[in-house]
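Have a look at the structure below before the remarks.
Just so it is clear, none of the values below were taken in a lab; they were calculated from the coordinates. Owing to the predicted nature of the structure, the values given are computational and were not obtained by experimental measurement. FYI the Cβ positions are ideal-geometry reconstructions off the backbone, even for glycines, and counts take in every protein chain you see.
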Amino acid sequence: MTRNNHIPINTLSNEEEITRPIDLPEIFKVLRPMIRKRLYHFAIHPNDQEDLCQDVLVKLFCAFKKFDFTEETPIEHYVNRVIKNVKNDYIRKKYYSNERQEMLVNEFIVHYQNSKTEHPLDKHILALEVGARLQQGLMKLTDLEQSIVIYLLNDFKPKEIAEILNIQIKVVYNGIHRCKIKLRHYLEHEK
């Protein structure tokens, strides 16, 4: 560090230095230019430099409450460690963010390529096949169950189906449950 960046220390005796209050705003005024200078780096976006400077100052403020100013370790050493850690955290975060973004882009490209290779004709044929199997399964249901399924497929609610068929709503719910069981059984065993 250059002499300009050193924190001014009064030449007081140890007893006076321990008893005098620490002037944090004055310390931060001296530290701020040094922090900004250390955060000037090609990998740190200029818009983020002020945010990182604030992060460093907040961390120092929290740490200075516990910092022992009477020890031999210079405060500059501690400040440099905090700056280095904040800078490394920022670069690490940006690196992982860019990596995650690349993975998302690659995932989209793969998904897009897969969707291009799927043919709509194949989907249509599969839908027709499933529809035909469901039609065959519906023929195995009773007349009441068939009418309930037809109304359900036309987006009627169970209460409306009960009113149309002039039956209790409980009978409609039981019919729906029986239809599910019978169709599931038919589709599993007719493969």
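When the Cα convex hull of the range 21-65 is projected onto planes of every orientation, the mean area is 3.2 nm². For the residue pairs 65/87; 37/87; 157/180, the C-alpha atoms sit more than 20 angstrom apart in 65/87. 3J(HN,Hα) couplings calculated from phi for the range 40-48 with the Karplus curve 6.51 cos²θ - 1.76 cosθ + 1.60 (θ = phi - 60°) are, in sequence order, 6, 8, 5, 7, 9, 4, x, 5, 8 Hz; Gly and Pro show x.
The separation of the range 29-49 from the range 50-94, counted between C-alpha centres, amounts to 12 Å.
For the range 41-191, the normalised intensity computed at q = 0.09, 0.15, 0.18 Å⁻¹ comes to -0.63, -0.94, -1.07 (log10 of I(q)/I(0), Debye sum over alpha carbons, equal scatterers, no solvent). For residue 43 and residue 103, the FRET efficiency from 1/(1 + (r/R0)^6), where r spans their Cβ atoms and R0 equals 25 Å, is about 0.75.
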